Each structure stands twice: as structure tokens, then as C-alpha cells.
Amino acid sequence: MDSVYIFGAVVIAAYVLQIYLGLKQLKHFNAAYSELRQKGRVAIGRRSGKIKAGTIVMFAVDRNGKVVDAKRMQGVTVAARFKSMPSYVGQDIHYLDTYNPLVRKENKLLQIAIEDARELFLRIEAGNYEDVPKLAPVLSVGNQLKLLSTRLKLQFKK
């Protein structure tokens, strides 16, 4: 019976530690965002990670679309921190797509996050951005199962 209490205490301690480190990471994000916000508009792109590393990229952009400062955060744990990306300073955000040689040098997850930041920036700049809430993961699984069953029915009809 004592081992159950010890296991429970360890689980609770791990959960509290995760909450603490998550809040600390959120505070670091807010500080990095505030720093970039003082330099101009901020374009934020993300590639959420379920199993792979999650990636967030932020670009401080001036009125002409030139990147004034750039930061990225990539990692699996709450220990991930923002790192500077000096090679993107001076680049035009309009041209930061998958064909750009700078973007091609990065890993795939970072490329997706950069493309997301660019796309979001362009949509807001054009004035046709609409925030669409994402489905809860449980609902997403249900939709995936419906899609799979539909595909299988179509496959067997052929």
C-alpha cells in the first residue's frame, strides 16, 4: 500500500513540475514576443508537434515587409527556448517560401513554420484573415475515422 502512495506522490510531483516549467516557457515566449513587438509587426508561424518536435518562428517585420529580427523555438520538451536567426534579418517576408534558398537549408518542421508565418502575414496584410477555431483532438480522430471508412467504401466499389 505504501508503494501506491509513493507512486501517486511521484506522479503528482511530475505533474506540478510540468506545469511550472510550462508556465516558465510561456513567460519566455511572452518576453521574446514583447522584444520583437517593439521592433515592428510580428509574424508568428507554428508547426505543432504531437510526436515530433514542435516549432514556433517569429519575425519582426517593418512597414516594407523586411525582417528586422527573427527567432525560433524548436523542441519536444518545455526546456526549449527561443534562439535568434540572424540570417533572415534584412530578407523580405513576402519571399520566404519553400523556394527560398535560406528556407531550404532548414529542417522540414522549421520550413513549415516559416511558410505558416509568411502565409498568415500575407493574409492579414491583404485583409482577409479569419480566425478559424480548430477541432478538439478527439473530434479530429472521429473525422479521420469517417474519412477512412469513406475511402475504404470507395475502394471496394471499384
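What to note about this one:
- Proximity of backbone amide H atoms, modeled 1.01 Å from N, is registered between Q91 and V67 at under 5 Å, excluding neighbours fewer than 5 places apart on the same chain.
- Karplus-based coupling profile of the stretch 142-148, in residue order and whole Hz: x, 5, 5, 5, 5, 5, 5, with θ = phi - 60° in 6.51 cos²θ - 1.76 cosθ + 1.60 and x standing for Gly or Pro.
- Sequence-ordered 3J(HN,Hα) estimates for the stretch 32-42 from the Karplus curve with 6.51, -1.76 and 1.60 and θ = phi - 60° stand at 5, 5, 4, 4, 6, 5, 5, 8, x, 5, 10 Hz, glycine and proline given as x.
- Alpha-carbon spread of the stretch 2-130, three principal axes, descending order, Å: 65, 31, 29
- The stretch 87-104 - phi-based ³J(HN,Hα) in whole Hz, Karplus 6.51/-1.76/1.60, Gly and Pro as x: 5, 8, 5, x, 7, 8, 5, 5, 10, 8, 10, 5, 8, 5, x, 5, 5, 5
- With helices as the sole contributors, the chain gives -17500 deg cm²/dmol at 222 nm; each DSSP H run of n ≥ 4 counts as -39500 (n - 2.57), and the sum is divided by every residue.
Read-outs: derived from the displayed coordinates by stated rules, not from any lab. All of these numbers come straight from a predicted model, not from anything done at the bench.
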